[in-house]
Amino acid sequence: MRCLEIGLLLPFIVIIQCHFFYADVDQKVFYVYPNGEPSKCPSGNNNCSTLEDYVSSGAFENLSNNSVFHFIPGIHSLNSSIIIIQPSIDITFEGLREMGQGPHQTAMESPAIIQCTENVTLFVRCNHIQLSKVTLKNCGDKYATIDLSSAITISDSYNVTMTYVSIQESPLGGLTLNLVVHCQIYNSSFYSNNHDTPDNRTMTITALYINPLSPLYTSNWSFVMSKSNITNNRFNGLSIVNRQSEYFIGIQLEMVYAANNSVINFGIFPYSDYFDLNVNGLVSTGSLVGFILHKKEQVLSKRKPNILMTNCSITYNKFYGMKVVWHGSGSCSFCLKSSNFSHNAGILGSALEITTDQFVNTQSGIDVILHKVTFDNNTIYNLYAKNATISPAFAMTVKISNVNSVSINNCTFSSNKGSGLGLINTYVTFNGDVYFINNTAYNGGGIYMISSSVLFLSLGSLLKFVGNHANNSGGAINVEQIVLTVDLNSNSGQVSNRCFFQLPDNYVDQVNTYFHFEDNTASVAGSVLYGGTTRQCLQGPEKVLPDQFNRISKFYNQPGLSVISSGPRGMCFCTNNLPDCSLKSISMSAIPGEIIEFAVAVVGQDYNTTTGIIIISSDSGELSNQNVSSAVCANLTHEVTANNNETNRIKVSISIHFETNFFQPPLIIDVNVLPCLPGTYLSQQSHVCECDNSIKNATISCNGTGAVVIKEGNSWIGPNYNNCTNIVYQFCPYDYCIQSQVTFPLNESDRQCALNRSGLLCGRCSEGLSLMLGSNNCGECTNDYLSLIIPFSLAGVVLVILLLVLNLTVTVGTINGLLFFANVIKINQPLFYGTDSVPVLSQFISWINLDLGIKTCFFAGMTTCTKTALQFVFPFYLWFLILLIIFLSRRFSKLSQLIGKNSVPVLCTLLLLSYTKLLRTIISIFIVANPSSTCTGFVWYNSGEPYFTGCHLVLFIIAIAALLLFLPYTLFLLLFPLWEICRSKWNFGTSFYLKLKPFFDAYAGPYTDMFRIWPGLLLVARIVLAVLIVVSPTYDEPIGLLVTITALLIVTLSFGSVYKNKKLHSLDILYLLCLLAIFFCLFGALIQNGGESNRLPSFTNRNKARIGIGAIFSIAFIGFLGILAYHVYICFNCRAIGRKGSHTIQVEEVASDKYSHLNTAPTASEFPALIRPECREPLLESADNN
């Protein structure tokens, strides 16, 4: 009913004042014609001049009562201010034509325009003032005080009426009313004023009320503004300031439109309670502040103002739409009806903020009624929030603070950013249907309640929450209130929490719906409700409701574990991601240092999940806090520690941090403490299992709890092998171990093995697999592969025949450099680690070294021992073949004629071909390893089996036997040249010398007399390199020695006469340069990978090295093809000569005839070229005979 009283009062006041104004009709009329247009004056009227003429003549200084100035349409220039100070007269300014459209769609413009020059104003102080149908442009004095600077200033007047007045482009304010008792403004516009002032306090329209100097005969004042526009003004629009406390002021705003004023559209600033405000059809848009009502306490309260706002639209304001601030002890009734607040921005009340400081005094304060008001699409102004240091988490669309009586009837809050309704220390009563739809906030998408706010539900009311969302908690409602623990026995009188909602006094416990929740969500907790109390809470002073909230609420599509939640009130273990609050303890087993995992949920009211801080402690003194930031079953961890090795059981307690007096006994985890794993020990400092230092030093990282290591390089690590512990061996056999980074548990040491290998030093094949020929790979093999004996046998026969037919022997010298190149590559194969794996080309190198070069099975169950033994078979088979041919050629003359004298050179060639292969095999048999000096003893490096036992003993004996052949062979080639030199002084053993000489000449044939020791030196180089690659712990020594040896050989070949034919010098130098290039590529890749002890290049560097090595292998292969083509050519050429009847002169026969009288045998250089075989290798010719 109070909302209607003011609406009846103010029109009555306006009617009374207008009646008095027009009572006197005795008027004196003046006409004002536009500048330069006197012809527009009415005929026969002598009172017609320009406005400037009236001012200059002093016409405004002594006016008669009821003077009327009619402005003829046109431009009326005003160069001087008009000052009228005649308090007892009535004056009228009126244009003679109707208003038209102005410069903007919101601005009207009269045909009669008063155009002011700079710093010109109109100041009036009269009894009655009327302005109508005139436009003022550019009027105002920017050098005057604020009270006198406006385009029009009216002071100490009784009645002012403005109708169809347009004030535009004033440098300062448009209109100032100072102590005007009755003011009516109709159908007027105020456009683009204040454009030249730096003071943001400047108002376009100012109505200032102060206590008059002398008493007035009326006690009721009024300000009425209707159907007027205030648009596009700088700073502020309308400001009404009431500083007096003796006279009542009725303020009425009817269909007033304010838009795009840069700071405030409407501002009402009362300092006392002597006013009422009636607003109807107001529109405020596009400003920082749409409407502000700020009452400041200055005098004692004597009455209760009534404020009624109806059919208002407040939209698109940037700081807030409307703000009502009520300070002081006075009370007030504020009624907002049938209005719309949309697309406003702000933080604490983006659409509407109502705040007071009188909540503690329930007899005073402001009574608020919101009836059929819509708040939609209002949002957060983040920049304002940042500058004001206000967190967007407190963003609210409607904020009501410290108000003891709020009634919200049939209102709608929809699609807002920020809580739809924010309540701080406020009591709200809901009537009818109130909707909260699709609002989004940090807390409380629909309603955000703080402190002692309460929702009172009237009979038949319904709060409907649909599609609201909270980025934190309380999708529909968030209640920030202190809740104390309660005794669930309602008869004990221990209930102390008031329900955040209060039902009507006449409520009957029946099924009535007051809350409707549908599709509300929260990112953290409480999709429907967070906080407050829903069970065992007080309704009224005494009544306790056990579960009333759920009974008066309907839930639609509100799934999840956190629907009705709150701050932490307990915790539960989780099973299958669901809280199981009946489970109070669980059991686990763990190693010291192991992280145990368990799932718990922090629960609020109704045992719905929420967030909180969980405290985890144990018997060993460990204490940790873990913040559960999501309302779900949280997977938590705790590190188990043990004080000593005797600790076999500990208890882990899980409790929660309560902000109030809630308490719950801790949850218990009973942990069975297991001993540390092999390779680790219990540290007395950290109280967890740590890796042994030897294992730490050999790995990149080591997890002592799980005994899991990350290693890289050529080491082998095993914590437990044949009762040995912590075995760390730095040199895993070539390509047995994975040399790139690998992660594995210490009790699964086979996972560091490559090529399907396992065991100590990865020396054997995994269970059920067999070692393969041509590589160190293990695979599934069958005995069907034994049929490979046939092609292997045929390969030996073909090789011997090829050497015999093509004379492809060391005696010719064409393959000597190639053999040394291939032998050195094979000897240093561990340095390459896969970079020499070039298809075809790598097989080419292997075949020269009498290796298979192709990965294949041979028979099931083949081991390292049997494979090593097989390395002796093929070389011995080849020797057998050539020896058989030599034997048969002595028995059968035709075979001897067919073979010629090439059998001995072929035998020498096969011995040299086999040398490196057998040398590498013998060395591999002799290599010993001692992984653990405490328990493993010596093992065979290649297989990890005990040294000098079983199969290795047999191999060791075979190797000794082979070594007995190798040593004489090596010494023979190395020392025989010395024997030749000493023959002039020693005559013993001539017959033995003559028997050995053809054999040695087969090696030394292509060399000059000075360098007949060259083959022996190359054998020594092979031995030194083969031994060094085994004993060297890093890659730099073998490469350094190889480069040194190769460089010396190149220098010797370049400056010495090693070969009889210079072409062979060039051929050997080519292969030696290839060696240098290969090891340059390899060394560069290893250096880029870093670390001298790491022989494994990175993947990228290995690929680069493979490309370079492949190119060099290609050059060597092309050279071999050239050598082969040359020997084929020589072979066919000899056959052509033989068909023409040529014959061969035997060197031995010439030697026996010519030197039969001597006691010494001739040297190779003493044979003249003419008596050598006619079908012979031209490269055997010396350079001098060419």
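Of all strands (runs of 3 or more DSSP E) completely enclosed by region 659-772, which ones contain at least 2 residues that are surrounded by fewer than 17 Cβ atoms within 10 Å (Cβ to Cβ)? Let's see the steps before the verdict.
Numbers: elements: 667-673, 680-682, 689-691, 701-703, 708-711, 716-721, 724-729, 742-745.
Once the strands (runs of 3 or more DSSP E) in region 659-772 are filtered for at least 2 residues that are surrounded by fewer than 17 Cβ atoms within 10 Å (Cβ to Cβ), what remains is 667-673, 742-745.
Could you tell me how many of the residues in region 55-92 are surrounded by 15 or more Cβ atoms within 10 Å (Cβ to Cβ) and part of a loop (DSSP other than H, G, I, E, B)?
6
For region 696-721, how many residues meet the condition of being under 21 Å from Glu639 (Cβ atoms) and not hydroxyl-bearing (Ser, Thr, Tyr)? Before you say what the answer is, go through the steps one by one.
In the first step, residues of region 696-721 are kept if they are under 21 Å from Glu639 (Cβ atoms); the result is 696, 701-710.
Remaining after also requiring not hydroxyl-bearing (Ser, Thr, Tyr): 696, 702-704, 706-710.
The number of residues fulfilling the criteria is 9.
Residues to consider are Asn62, Asn138, Asn159; find the one that is under 21 Å from Gln184 (Cβ atoms), in the same structural domain as Lys28 (by the TED database) and either β-branched (Val, Ile, Thr) or out of contact with any Leu (no Cβ under 9 Å at 6 or more places or on another chain) (or both).
Details: Asn62 fails: under 21 Å from Gln184 (Cβ atoms); Asn138 fails: under 21 Å from Gln184 (Cβ atoms).
Residue meeting the stated conditions: Asn159.
Mind listing whichever residues of region 938-966 are touching a residue at least 24 places away in the same chain (Cβ under 8 Å), open to solvent by 70 Å² or more (accessible area, probe 1.4 Å) and in a helix (DSSP H, G or I)?
Listed by number, the list holds a single entry, Val954.
Enumerate the pairs (first residue in region 430-452 and in a loop (DSSP other than H, G, I, E, B); second residue anywhere and open to solvent by 10 Å² or more (accessible area, probe 1.4 Å) and small (Gly, Ala, Ser)) with beta-carbon separation below 6 Å, excluding pairs fewer than 6 apart on the same chain, so at least 6 apart or on different chains.
Short answer, once both residue conditions are applied: Asn438/Ser414; Asn438/Ser415; Asn438/Gly467.
Tell me which residues, restricted to region 587-601, are within 29 Å of the chain's Cα centre (by Cα), of a type in the set (A, V, I, L, M) and open to solvent by less than 50 Å² (accessible area, probe 1.4 Å).
Of all residues in region 587-601, those within 29 Å of the chain's Cα centre (by Cα) come to 594-601.
Imposing the further condition that a residue be of a type in the set (A, V, I, L, M) reduces the set to 595-596, 599-601.
Within region 587-601, Ile596, Ala599, Val600, Ala601 qualify.
Counting only residues that are among the hydrophobic types (A, V, I, L, M, F, W, C), closer than 17 Å to Tyr941 by Cα and modelled with pLDDT of 90 or more, how many does region 756-778 have? Give the steps one after another, and end with the answer.
Residues of region 756-778 that are among the hydrophobic types (A, V, I, L, M, F, W, C), as a first pass: 760-762, 765, 769, 771-773, 778.
Next cut, closer than 17 Å to Tyr941 by Cα only: 760-762, 765, 771.
Going one step further and asking which of them are modelled with pLDDT of 90 or more, we end up with 762, 765, 771.
So the answer is 3.
Only one residue in Tyr1003, Tyr993, Tyr969 is surrounded by 21 or more Cβ atoms within 10 Å (Cβ to Cβ), out of contact with any Asp or Glu (no Cβ under 6 Å at 6 or more places or on another chain) and not polar (S, T, N, Q). Which one? So that I can check it myself, show each step before the final result.
Values: Tyr993 fails: surrounded by 21 or more Cβ atoms within 10 Å (Cβ to Cβ); Tyr969 fails: surrounded by 21 or more Cβ atoms within 10 Å (Cβ to Cβ).
Going through Tyr1003, Tyr993, Tyr969 in turn, just one is surrounded by 21 or more Cβ atoms within 10 Å (Cβ to Cβ), out of contact with any Asp or Glu (no Cβ under 6 Å at 6 or more places or on another chain) and not polar (S, T, N, Q): Tyr1003.
Within region 865-876, is even one residue in contact (Cβ under 8 Å) with a residue 12 or more places away in the chain and in contact with a strand residue (DSSP E or B) (Cβ under 6 Å, 6 or more places away or on another chain)? Quick ask: steps written out before the conclusion?
Initial filter on region 865-876 (in contact (Cβ under 8 Å) with a residue 12 or more places away in the chain): 865-872, 874-875.
The next check asks that each one be in contact with a strand residue (DSSP E or B) (Cβ under 6 Å, 6 or more places away or on another chain); those that pass are 867.
Yes: one or more hits.
Which of (1) among the hydroxyl-bearing types (Ser, Thr, Tyr); (2) modelled with pLDDT of 85 or more; (3) under 20 Å from Gly604 (Cβ atoms) does Thr534 not meet, given it meets every other one?
The number of the failed condition is (2).
Do you know which of the residues in region 425-445 that are open to solvent by less than 40 Å² (accessible area, probe 1.4 Å) and under 16 Å from Val406 (Cβ atoms) is farthest from the chain's Cα centre (by Cα)?
Taking the candidates together, the pick is Gly432.
If you scan region 1026-1038, which residues turn out to be part of a helix (DSSP H, G or I) and surrounded by 20 or more Cβ atoms within 10 Å (Cβ to Cβ)? Please lay out each step first, then the result.
Filtering region 1026-1038 down to residues part of a helix (DSSP H, G or I) leaves 1026-1031, 1036-1038.
Within region 1026-1038, Ala1026, Ile1029, Pro1038 meet the criteria.
Which members of region 1040-1064 meet the condition of being in contact with a Leu (Cβ under 9 Å, 6 or more places away or on another chain), open to solvent by 10 Å² or more (accessible area, probe 1.4 Å) and either in a helix (DSSP H, G or I) or without any contact (Cβ under 8 Å) to a residue 40 or more places away in the chain (or both)?
Answer for region 1040-1064, where residues must be in contact with a Leu (Cβ under 9 Å, 6 or more places away or on another chain), open to solvent by 10 Å² or more (accessible area, probe 1.4 Å) and either in a helix (DSSP H, G or I) or without any contact (Cβ under 8 Å) to a residue 40 or more places away in the chain (or both): Leu1041, Val1043, Ile1045, Ala1047, Leu1049, Ile1050, Lys1063.
Can you name every residue in region 172-184 that is within 21 Å of Phe235 (Cα to Cα) and either open to solvent by 10 Å² or more (accessible area, probe 1.4 Å) or assigned to a strand (DSSP E or B) (or both)?
Leu172, Leu175, Thr176, Leu177, Asn178, listed by residue number.
Going by what's in this entry, would Ile84 be described as closer than 20 Å to His182 by Cβ and at pLDDT 90 or above?
It is true that Ile84 is closer than 20 Å to His182 by Cβ and at pLDDT 90 or above.
Testing Ser653 on (1) surrounded by fewer than 15 Cβ atoms within 10 Å (Cβ to Cβ); (2) in a strand (DSSP E or B), one condition comes back false. Which one is that?
Condition (1) is where Ser653 drops out.
Kindly check whether there is at least one residue in region 383-395 that is at pLDDT 95 or above, surrounded by fewer than 24 Cβ atoms within 10 Å (Cβ to Cβ) and outside any strand (DSSP E or B). Let's see the steps before the verdict.
Taking region 383-395 first, the residues at pLDDT 95 or above are none.
Scanning region 383-395 turns up no residue that is at pLDDT 95 or above, surrounded by fewer than 24 Cβ atoms within 10 Å (Cβ to Cβ) and outside any strand (DSSP E or B).
Being surrounded by 13 or more Cβ atoms within 10 Å (Cβ to Cβ) and within 32 Å of the chain's Cα centre (by Cα) is true for just one of Gly612, Gly604. Which residue is that?
Working: Gly604 fails: within 32 Å of the chain's Cα centre (by Cα).
The match here is Gly612.
For region 423-435, name all the residues that are under 19 Å from Asn378 (Cα atoms), of a type outside the set (Ser, Thr, Tyr) and modelled with pLDDT of 95 or more. Explain how you work it out, then say what you get.
Residues of region 423-435 under 19 Å from Asn378 (Cα atoms): 423, 434-435.
Now restrict to residues that are of a type outside the set (Ser, Thr, Tyr): 423, 434.
Passing the criteria: only Val434.
Could you count how many residues in region 847-882 are in a helix (DSSP H, G or I), at pLDDT 85 or above and out of contact with any Cys (no Cβ under 7 Å at 6 or more places or on another chain)?
Keep residues of region 847-882 that are in a helix (DSSP H, G or I), which gives 847-848, 864-870, 873-882.
Still in the list and also at pLDDT 85 or above: 847-848, 864-870, 873-881.
Next cut, out of contact with any Cys (no Cβ under 7 Å at 6 or more places or on another chain) only: 847-848, 864, 866-870, 873-881.
Count: 17.
Criterion first (within 22 Å of Val256 (Cβ to Cβ), surrounded by fewer than 24 Cβ atoms within 10 Å (Cβ to Cβ) and not β-branched (Val, Ile, Thr)) does Ser313 satisfy it? First the steps, then the outcome.
Working: within 22 Å of Val256 (Cβ to Cβ): yes; surrounded by fewer than 24 Cβ atoms within 10 Å (Cβ to Cβ): yes; not β-branched (Val, Ile, Thr): yes.
Criteria met by Ser313.
Sort through Phe792, Phe832 and tell me the only one that's assigned by the TED database to the domain that holds Leu870, out of contact with any Gly (no Cβ under 9 Å at 6 or more places or on another chain) and open to solvent by less than 20 Å² (accessible area, probe 1.4 Å).
On the way: Phe792 fails: open to solvent by less than 20 Å² (accessible area, probe 1.4 Å).
Within the list Phe792, Phe832, the selection yields Phe832.
With (1) charged (D, E, K, R); (2) surrounded by fewer than 21 Cβ atoms within 10 Å (Cβ to Cβ); (3) part of a strand (DSSP E or B) as the list, and Lys318 as the residue in question, which single condition is left unmet?
Answer for Lys318: the failing condition is (3).
The values are calculated or read from the model by the stated rules, or taken from the named source; none is laboratory data. Computed from a predicted model, the values in this text were never measured in an experiment. Every residue, glycine among them, receives a Cβ derived from its backbone with ideal geometry; neighbour counts consider all protein chains shown. Protein only, heavy atoms only, side chains kept; ligands, DNA and RNA dropped before computing areas. Shrake-Rupley method; radii C 1.70, N 1.55, O 1.52, S 1.80 Å.
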